[in-house]
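The values are calculated or read from the model by the stated rules, or taken from the named source; none is laboratory data. Just so it is clear, the model here is predicted, and its values are computed rather than measured. Here Cβ is always computed from backbone atoms with ideal geometry, including for glycine, and neighbour counts include all displayed protein chains.
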Amino acid sequence: MHTLSCSPPRHNFPALDTPAAPPAVHHDWQAVEQALGEQGHAVLPALLDPAGCARLAALYRQDALFRSRIVMSRHGFGRGEYKYFAYPLPSPLHDLRHALYPRLAPIANRWSRLMKQDTRYPDDLDTFLARCHEAGQLRPTPLILEYGAGDYNCLHQDLYGERVFPLQVAILLSEPGRDFTGGEFVMTETASDGQRADVIALRQGDAVVFAVNQRPAPGRRGGVRKVAMRHGVSRIHSGRRYTVGLIFHDAR
């Protein structure tokens, strides 16, 4: 998962028979792009309802759904653990990944042009995943993270290989104040003129879209500069916190 500061089918990904995710189209995507451009992150309120969150969190105990389990403290990633799903993904995650990608690809392409990069992202996720697989990135990256009291996630970037989609999504499955305390989602940016940190307030079912690695930002003297982004989770004070991460590139 981390770049620290801390065989699936090639084109067809069938989904398991679990409740379908809601469509990811009922948001103001112009406002999402504006927020991403200004601060590197944007919130999608109520992307999942509480019942959908509970169903996804319950999957964490179904080991057959996952390809690997990572205990963060063993790798210097923080404290807590997470599991990467295997293909085929549960249908809510399959559907959300495929619904969100076409909304984010135009933003990714505009960012690429602004930063004078040659990468162009296709309109659909399966075509992009095929490119990942051609580069040897065959392993699925959607995951669930579990935190208990005292756990946290170091600031990091989810890169995984040569092919990187520049935006990703995290969905909070637990309710702050009821299921856990502490555990805020944190983003930092670093540029030549200094650093900044943001704490993003989320409720159960909210998603945050954010920059994986770099984002374009206005330069002080005009033009565009690249701002390095990292994300993490602050220490959990009590309870248990579950989050789903949707990363659009697969891993080596």
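Return the only residue of Ala211, Ala170, Ala191 being in contact with a Gly (Cβ under 6 Å, 6 or more places away or on another chain) and closer than 26 Å to Lys116 by Cα.
Being in contact with a Gly (Cβ under 6 Å, 6 or more places away or on another chain) and closer than 26 Å to Lys116 by Cα holds for just one of Ala211, Ala170, Ala191, which is Ala211.
Would you mind stating whether Leu104 is in a helix (DSSP H, G or I), in contact with a strand residue (DSSP E or B) (Cβ under 8 Å, 6 or more places away or on another chain) and not β-branched (Val, Ile, Thr)?
Judged against the criteria, Leu104 is a match.
Just one of (1) of a type outside the set (Phe, Trp, Tyr); (2) in contact with a Gly (Cβ under 9 Å, 6 or more places away or on another chain); (3) assigned to a loop (DSSP other than H, G, I, E, B) trips up Asp123, so point out which.
Looking at each condition in turn, Asp123 falls short on (2).
Can you tell me which residues in the stretch 214-251 are at pLDDT 95 or above, of a type outside the set (Phe, Trp, Tyr) and not in a strand (DSSP E or B)?
Ser234, Arg235, Arg240, Ile247, His249, Asp250
Please pick out the residue among Ala21, Ala54, Ala58 that is more than 16 Å from the chain's Cα centre (by Cα), small (Gly, Ala, Ser) and modelled with pLDDT under 95.
On the way: Ala54 fails: modelled with pLDDT under 95; Ala58 fails: modelled with pLDDT under 95.
So the residue among Ala21, Ala54, Ala58 that is more than 16 Å from the chain's Cα centre (by Cα), small (Gly, Ala, Ser) and modelled with pLDDT under 95 is Ala21.
Considering only the stretch 126-145, state which residues are within 24 Å of Ala170 (Cβ to Cβ) and either within 15 Å of the chain's Cα centre (by Cα) or in a loop (DSSP other than H, G, I, E, B) (or both).
Correct list: Gln137, Leu138, Pro140, Thr141, Pro142, Leu143, Ile144, Leu145.
Name the residues in the stretch 187-241 that are in contact with a Pro (Cβ under 7 Å, 6 or more places away or on another chain) and among the β-branched types (Val, Ile, Thr), would you?
Correct list: Val212, Val224.
From the list Ala42, Ala57, Ala64, Ala86, exactly one residue is buried (at least 20 other Cβ atoms within 10 Å of the Cβ) and farther than 28 Å from Arg215 by Cβ. Which is it?
Values: Ala42 fails: farther than 28 Å from Arg215 by Cβ; Ala64 fails: buried (at least 20 other Cβ atoms within 10 Å of the Cβ); Ala86 fails: buried (at least 20 other Cβ atoms within 10 Å of the Cβ).
Checking each option against the conditions leaves just Ala57.
Under the condition of being in a strand (DSSP E or B) and either in contact with a helix residue (DSSP H, G or I) (Cβ under 9 Å, 6 or more places away or on another chain) or small (Gly, Ala, Ser) (or both), which residue from the stretch 183-207 is surrounded by the most Cβ atoms within 10 Å (Cβ to Cβ)?
Checked the stretch 183-207; the qualifying residue surrounded by the most Cβ atoms within 10 Å (Cβ to Cβ) is Ala207.
Go through (1) of a type in the set (Ser, Thr, Tyr); (2) in contact with a His (Cβ under 9 Å, 6 or more places away or on another chain); (3) surrounded by 16 or more Cβ atoms within 10 Å (Cβ to Cβ); (4) over 23 Å from Tyr242 (Cβ atoms) for Thr127 and report which single condition fails.
Failed condition: (3).
Please determine whether any residue of the stretch 2-13 is in contact with a Gly (Cβ under 8 Å, 6 or more places away or on another chain) and either modelled with pLDDT under 95 or farther than 21 Å from Gly183 by Cα (or both).
Yes; the residues of the stretch 2-13 include at least one that is in contact with a Gly (Cβ under 8 Å, 6 or more places away or on another chain) and either modelled with pLDDT under 95 or farther than 21 Å from Gly183 by Cα (or both).
So is Phe210 part of a loop (DSSP other than H, G, I, E, B), touching a strand residue (DSSP E or B) at 6+ places or on another chain (Cβ under 7 Å) and surrounded by 19 or more Cβ atoms within 10 Å (Cβ to Cβ) or not?
Working: part of a loop (DSSP other than H, G, I, E, B): no; touching a strand residue (DSSP E or B) at 6+ places or on another chain (Cβ under 7 Å): yes; surrounded by 19 or more Cβ atoms within 10 Å (Cβ to Cβ): yes.
Spelling it out, it is not the case that Phe210 is part of a loop (DSSP other than H, G, I, E, B), touching a strand residue (DSSP E or B) at 6+ places or on another chain (Cβ under 7 Å) and surrounded by 19 or more Cβ atoms within 10 Å (Cβ to Cβ).
Restricted to the stretch 234-252, and to residues that are closer than 14 Å to Val169 by Cα and of a type in the set (A, V, I, L, M), which residue is surrounded by the most Cβ atoms within 10 Å (Cβ to Cβ)?
Checked the stretch 234-252; the qualifying residue surrounded by the most Cβ atoms within 10 Å (Cβ to Cβ) is Val244.
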